[in-house]
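The block underneath contains the structure these notes are about, expressed in structure tokens.
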Amino acid sequence: MAKFFRAAVLGPPGSGKGTICKRIAESFGLQYLSSGHFLREGIAANTEAGVLAKTYIERGMLVPDQVMTRLMLPKLEQLKNHSWLLDGFPRTLAQAQALNNLYQMDLVISLNIPYETLRERLSDRWIHPASGRVYNMGFNPPRVQVLGHLKFQKQSISSGLLLSDLRSQGILHSFSGTETDKIWPYINTLLSTKILPLSRCSMTSL
Ligand code: G5P
């Protein structure tokens, strides 16, 4: 049976998960799934989960575990014959356990970014409401005028237990720094040692 590569990128809001995941997806051809993206999709479509999630996200809080696992696990079921990369899921130990019951993770990347850097990035961040695209006025400026300011989220991720669990499984790799461009080469090197052999035999695009 083909061995599929299962990975996740974790980190607090503004740590660069989305930016790093896009680079990994582009460089290694992994299918990537963002929990934030699916939540925003649900909010836009006014689904039951979306309406509920909105009340938490607006307050800068984590969406309850049950809502998240109900949202994410069916998406993964559709990708059971693919390698994948998760952006922002799991974010708690309970989510990790639900995931672990179904899939064996190969690698988890944790982004350790100083609080001051996160604060600067998020206070410099704008969202284009029509498209939902997020911009940073310095790092990733928009080509068109943006319409609103994404409010800074004070979100304390319940990461302690999750990270120590992942560390004890020997799959956690942590990267620290203040610039995504400087962290990226280390992640790229790490993945190059893990994915290439798998990609030759099992990578498939949807
Ligand atoms: P999301 O969508 O997963 P957050 O809030 O966790 O969102 P966010 O803010 O989207 O994370 P990120 O993905 O970690 O950030 O980082 P990013 O988007 O790549 O970069 C952040 C900004 O910094 C961007 O503007 C980028 O251009 C800029 N940037 C990146 N690198 C650099 C750099 O080196 N220098 C500079 N100057 N700028 C840089 O989730 C949304 C919400 O949904 C809920 C939570 O409420 C969450 O807040 N949620 C969940 N709740 C429970 N469980 C889960 N699993 C959940 N998943 C989502």
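Values in this text are rule-based calculations from the coordinates and carry no lab data. Just so it is clear, the model here is predicted, and its values are computed rather than measured. All Cβ positions, glycine included, derive from the backbone under ideal geometry; neighbour counts span all protein chains shown.
Taking amide H positions as placed in the peptide plane 1.01 Å from N, state which residues far from residue 34 in sequence (5 or more) or on other chains have amide H under 5 Å from it.
87
Distance cut-off 30 Å, Cα to Cα: go down the list 3/75; 22/75; 75/194; 3/54; 80/194 and report the pairs above it.
In this structure, 3/54 lie more than 30 Å apart at Cα.
Calculate one ³J(HN,Hα) per residue across the stretch 21-30 by plugging θ = phi - 60° into the Karplus curve 6.51 cos²θ - 1.76 cosθ + 1.60, and present them in order as whole Hz with x for glycine and proline.
4, 4, 5, 5, 4, 5, 7, 10, x, 7
Pop the C-beta distance of residue 102 and residue 182 into the FRET formula with R0 = 35 Å and round what comes out to the nearest 0.05.
Values: r = 35 Å, r/R0 = 0.99.
Step by step, r from the Cβ atoms, then E = 0.50.
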